[in-house]
Amino acid sequence: MTEELPQETEKSPVKHTEQSLSKKDDKPKRFVEKGRDVIFDNKTRLYWLKKDSWQDKGKFFNWHEAVEFADRKNLRKIGGFDDWRLPNIDEVTSLFDESCENPGKGGVPLHLDPVFPEGAFKTAWIAGDTSTRRPRFDYSEGKVVSVEEYSFGSVRICRKDKVSRYQSPTRRK
């Protein structure tokens, strides 16, 4: 009987730890990987391309090339979708999280969730038209800047989750 007692006490902490871990894992995650190319944001209901254009192609794009980048991804149906686009200001700023630090290109700290791979460029093009100046978001400083449309940067494209328009009405008696 004395031999069984130590075995039970050794097993108890392990069971407790396993229970603690499963409770921790049960918490819904904001960002969920959907295949090798796509991340889904449960908060905003947006799909994001996992890599920005710099990580994907290894070169910088001006604003027009960023739009073409999205168009090419649509032709190839990346992630099974053909409606990728540049994000708007609200969408792109929703990714900024001051509490996160993700190493960007050249080691620049970016405030992006670590679900996104390291090495992204610090600025990303945003949809918008103001003559020849276009908006970009800076993930290291958390601000929108307006620059000449032929300046170089990167883009992280997104798409909105489709919402079912039809819902069966509930009838009251």
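Rounded to two decimals, what ratio of Rg to Rh does segment 82-140 give with C-alpha atoms and a Kirkwood Rh? Could the numbers behind the result be given before it?
Working: Rg = 12.2 Å, Rh = 12.2 Å.
Here the Rg-to-Rh quotient is 1.01.
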* **Net charge dipole size for segment 31-158 [Lys, Arg +1 and Asp, Glu -1 on Cβ; Debye, nearest 20]** => 380
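Which entries in the list Lys73/Lys143; Lys57/Lys143; Lys59/Lys122; Lys34/Lys77 go over 20 Å, if you measure between the two C-alpha atoms of each?
Cα-Cα > 20 Å for Lys73/Lys143; Lys57/Lys143; rest within.
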* Charge context of Phe81, other residues only, Cβ under 12 angstrom, K/R +1, D/E -1 -> +4
* At q = 0.12, 0.15, 0.16 Å⁻¹, what base-10 log of I(q)/I(0) does the Debye formula yield for segment 31-158 when every alpha carbon is treated as an equal point scatterer in vacuo? -> -0.39, -0.62, -0.72
* Asked: Along the charge dipole of segment 20-168, which of Phe40, Phe96, Gly153 sits closest to the positive end, that is, farthest toward it, with unit charges on the beta carbon of Lys, Arg, Asp and Glu (+1, +1, -1, -1)?
  -> Phe40
* **Sorted by Cβ density within 10 Å, fewest first, the residues Trp54, Trp125, Trp48** => Trp54, Trp48, Trp125
* Work through the residues other than Tyr139 whose Cβ is under 12 Å from its Cβ and net out their charges, Lys, Arg +1 and Asp, Glu -1. => -2
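No lab work stands behind these numbers, since they all come straight from the coordinates. It should be emphasised that the depicted structure is a prediction, and the values quoted were computed from it without experimental measurement. Don't worry about glycine lacking a Cβ; one is built from the backbone with ideal geometry, like all the others, and counts go over all protein chains shown.
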